[in-house]
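Worksheet: the structure to be examined is printed underneath.
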Amino acid sequence: MDLLRKKDLHPAVGVAKSTVADWIEDFSIYIPQIKKGNVTYYRPEAIDVLQFIKHCRDDNYQKQQIMEALSDSGFPVTVEEAKRDVEQSIDTQDNSNNHDLMSAMETIGQAFQKLSDQDESIKDLQDKDEAHEGRMDEVEKRTDQNNKTIDDLREEIEELKRELAVTKEKTEKQGFWSRLFKGNKNND
């Protein structure tokens, strides 16, 4: 997995570096990132999220509309980032942030719903995988049986070839002696 730095994201998305920085701040719960020490790296999926945001911005969507569109489009929520957003909203307790708090809480609710949906999807995929493995085991068993049958038939063919060779040899010897003796009977 190739991790990206912030400077790698803006050329891939086709917007200014400052724009990517703003979007990462505004939509952090949807942008998969990893912190290693003091450095933040972004997963390659972040490019898809940022391109989606760019498309929404091109269509004149506002921040809240983009949040809803990201949620509706099935982009996974990064729980740690959602938690941090709520903590930031709670820490700044002035009235101007009440809307941000409500928005963050709404997003958290959506995040938990998405996680629940993802858990169900994972369970479905695991069930399908187990069924597929069962079918594969059955196919392998049949293949092994078929291979054994083929080996048995090959052995049988080889045995028949040996018997045929012996019979042919006997027939050739018998033919000589029977011609020899038949020839004598006819002369008698």
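The values are calculated or read from the model by the stated rules, or taken from the named source; none is laboratory data. This structure is a prediction, so every number in the text was calculated from the model and none was measured. All Cβ positions, even for glycine, are placed from backbone atoms using ideal geometry, and neighbour counts span all protein chains on display.
What to note about this one:
- In the set (1) of a type in the set (A, V, I, L, M, F, W, C); (2) assigned to a helix (DSSP H, G or I); (3) closer than 19 Å to Trp23 by Cβ; (4) at pLDDT 70 or above, the condition left unmet by Ile108 is number (3).
- Set Lys173, Lys123, Lys161: member being basic (Lys, Arg), farther than 30 Å from Met67 by Cα and at pLDDT below 85: Lys173
- Hey, Ser96 assigned to a helix (DSSP H, G or I), among the polar types (S, T, N, Q) and modelled with pLDDT under 70 or not: yes
- Residue that is surrounded by the fewest Cβ atoms within 10 Å (Cβ to Cβ) [pool: residues in the stretch 19-58 that are within 12 Å of Leu3 (Cβ to Cβ), touching a residue at least 40 places away in the same chain (Cβ under 8 Å) and touching a Pro at 6+ places or on another chain (Cβ under 8 Å)]: Arg43
- Test result for Ile90, modelled with pLDDT under 75, of a type in the set (Val, Ile, Thr) and over 31 Å from the mean Cα position of the chain (by Cα): yes
- For the stretch 138-146, the count of residues that are part of a helix (DSSP H, G or I), at pLDDT below 75 and among the basic types (Lys, Arg) is zero.
- The criterion of at least 2 residues that are in contact with a strand residue (DSSP E or B) (Cβ under 8 Å, 6 or more places away or on another chain) is met by the following helices (runs of 4 or more DSSP H) wholly inside the stretch 1-64: 6-13, 45-58.
- Only listed residue being small (Gly, Ala, Ser) and surrounded by 12 or more Cβ atoms within 10 Å (Cβ to Cβ), chosen from Ala69, Ala16: Ala69
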